[in-house]
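Colleague: I have a structure here, written as structure tokens, and I will follow up with some questions on it.
We did not get these values from a lab; they are worked out from the coordinates using the rules stated. Quantities reported herein were computed from a predicted structural model and do not represent experimental measurements. Here Cβ is always computed from backbone atoms with ideal geometry, including for glycine, and neighbour counts include all displayed protein chains.
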Amino acid sequence: MPSRHHIGAAYSLAYDVEPYTSMVTKSWFLEEAAAGGWTLILDHERDTPIVTVQPGKKGWFDLVPVK
């Protein structure tokens with residue numbers, strides 16, 4: 001997940017050779033990050049690279065910028 005634009009469950013990089021595995025792994029990772037209060041640094045995010053993960057309103061997750 002290089003940027004906040006790739007947070008969606010089905011979103012992956014164009015050259016991802018295992019998109020299903022990436023989707024399952026991303027779900028696990030985001031669940032752990034939200035539960036553990038992790039701070040993430042997204043290396044390709046220009047404006048807000050430091051974020052936390054919180055459960056979203058639509059059953060997925062939101063990235064919240066750290067100030």
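Colleague: Of all residues in the stretch 13-43, how many are within 15 Å of W60 (Cβ to Cβ) and either touching a helix residue (DSSP H, G or I) at 6+ places or on another chain (Cβ under 8 Å) or among the hydrophobic types (A, V, I, L, M, F, W, C) (or both)?
Modeller: Number satisfying all stated conditions: 8.
Colleague: Shifting gears a bit: Can you find even one residue in the stretch 34-43 that is without any contact (Cβ under 8 Å) to a residue 60 or more places away in the chain, outside any helix (DSSP H, G or I) and surrounded by 14 or more Cβ atoms within 10 Å (Cβ to Cβ)?
Modeller: Kept after step one, since they are without any contact (Cβ under 8 Å) to a residue 60 or more places away in the chain, are these residues of the stretch 34-43: 34-43.
Now drop any that are not outside any helix (DSSP H, G or I), which leaves 37-43.
Still in the running and surrounded by 14 or more Cβ atoms within 10 Å (Cβ to Cβ): 40, 42.
There is at least one residue in the stretch 34-43 that is without any contact (Cβ under 8 Å) to a residue 60 or more places away in the chain, outside any helix (DSSP H, G or I) and surrounded by 14 or more Cβ atoms within 10 Å (Cβ to Cβ).
Colleague: When the residues of the stretch 44-66 are filtered to those that are assigned to a loop (DSSP other than H, G, I, E, B) and in contact with a strand residue (DSSP E or B) (Cβ under 9 Å, 6 or more places away or on another chain), which remaining residue is surrounded by the fewest Cβ atoms within 10 Å (Cβ to Cβ)?
Modeller: We begin by selecting, within the stretch 44-66, every residue assigned to a loop (DSSP other than H, G, I, E, B); these are 44-49, 56-60, 66.
Those left that are additionally in contact with a strand residue (DSSP E or B) (Cβ under 9 Å, 6 or more places away or on another chain): 45, 47-49, 56, 66.
Details: E45: 19, D47: 7, T48: 14, P49: 15, G56: 13, V66: 12.
Among them, the one singled out is D47.
Colleague: Related question: Among the residues of the stretch 5-39, which ones are among the aliphatic types (A, V, I, L, M), over 17 Å from T52 (Cα atoms) and more than 11 Å from the chain's Cα centre (by Cα)?
Modeller: Across the stretch 5-39, the qualifying residues are A10, L13, A14, V17, V24.
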